[in-house]
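The values are calculated or read from the model by the stated rules, or taken from the named source; none is laboratory data. Treat the numbers as computed from the prediction; the structure is a model and nothing was measured. In this analysis, Cβ positions are derived from the backbone assuming ideal geometry, glycine residues included, and neighbour counts consider all displayed protein chains.
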Amino acid sequence: MLMAMYCLALSAACPVNFEFLNYTIITSQCKGPQYPPSSCCASFKEFACPYANLINDLTNECATIMFSYINLNGKYPPGLFSNECKDGKLGLECPAPPPSEPASDKNGRSIDDAEGVLGEFSEENMLPKNAMISGYLSEGHVDKARKMFDNTAANDAASWSALITGYIKNGMHAEALAPFQDTIVSHILPNEAALVSLLFACGQLGA
């Protein structure tokens, strides 16, 4: 029941703030009065595909909000993109992202080697620790990521967001909701990527 309440709260409006995004991706390529579909739809997908899961989800207002800001920034006629660029019954269809690169540098050093340089940074510098947490999770080393997270004295919003997003990328949808609940108790706001991932997790869980 509690899980369903959290998911409902997440999906009520839209976790992405479309007001301040960069719309020049579209406005620089999709121009009137002809509004060529090839240019308009290609630029629209370049802008919108990172948010496809949310835009195609009819339980939130993301699509409505996004189209409103697109039309406002480009002074486009209503319905231009929703009519010209609609792919099918499932809504916006986007190409699959390329496979991720192995977490190693040009010298072949693995992500585990990077942990050795953490001592060069101050305890207060969270950037390298957050990078390590994200790196471990991207390679599927969930236990190592969680251990580093738990051993960090003061995790910030980026730490929590990395943990939540990493859990979901590793298919641990239910487990991702526990740290999200902890952020609420701690009055920490995860970033937009984590909130988008949480909505995806809620959909997978059927909450």
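Residues in the stretch 55-69 that are among the hydrophobic types (A, V, I, L, M, F, W, C) and assigned to a helix (DSSP H, G or I) were compared, and the one that is farthest from Cys202 (Cα to Cα) is Phe67. Taken over the stretch 70-83, residues that are in a helix (DSSP H, G or I), touching a helix residue (DSSP H, G or I) at 6+ places or on another chain (Cβ under 8 Å) and farther than 17 Å from Gln29 by Cβ amount to 1. The residues listed here are Thr183, Thr152; of these, the one that is touching a Leu at 6+ places or on another chain (Cβ under 8 Å) and among the polar types (S, T, N, Q) is Thr183. Here the stretch 29-83 is the region considered, the condition is being modelled with pLDDT under 90 and aromatic (Phe, Trp, Tyr), and the residue that is farthest from Leu199 (Cα to Cα) is Phe81. Answer yes or no: is there a residue in the stretch 123-143 that is within 30 Å of Pro36 (Cβ to Cβ), part of a helix (DSSP H, G or I) and either at pLDDT below 85 or touching a Lys or Arg at 6+ places or on another chain (Cβ under 7 Å) (or both). Within the stretch 123-143 (the criterion being within 30 Å of Pro36 (Cβ to Cβ), part of a helix (DSSP H, G or I) and either at pLDDT below 85 or touching a Lys or Arg at 6+ places or on another chain (Cβ under 7 Å) (or both)), the answer is no, since none of the residues qualifies. Provide a single number: the residues in the stretch 170-207 that are more than 13 Å from the chain's Cα centre (by Cα), surrounded by fewer than 17 Cβ atoms within 10 Å (Cβ to Cβ) and among the polar types (S, T, N, Q). Matching residues across the stretch 170-207 total 3.
Screening Lys147 on (1) out of contact with any Pro (no Cβ under 8 Å at 6 or more places or on another chain); (2) of a type outside the set (A, V, I, L, M, F, W, C); (3) touching a residue at least 12 places away in the same chain (Cβ under 8 Å); (4) over 14 Å from Cys202 (Cα atoms) shows it passes everything except condition (3).
Can you find a residue in the stretch 156-169 that is more than 22 Å from Asn17 (Cα to Cα), without any contact (Cβ under 8 Å) to a residue 12 or more places away in the chain, surrounded by fewer than 22 Cβ atoms within 10 Å (Cβ to Cβ) and in the same structural domain as Leu127 (by TED's automatic domain parsing)? There is no residue in the stretch 156-169 that is more than 22 Å from Asn17 (Cα to Cα), without any contact (Cβ under 8 Å) to a residue 12 or more places away in the chain, surrounded by fewer than 22 Cβ atoms within 10 Å (Cβ to Cβ) and in the same structural domain as Leu127 (by TED's automatic domain parsing).
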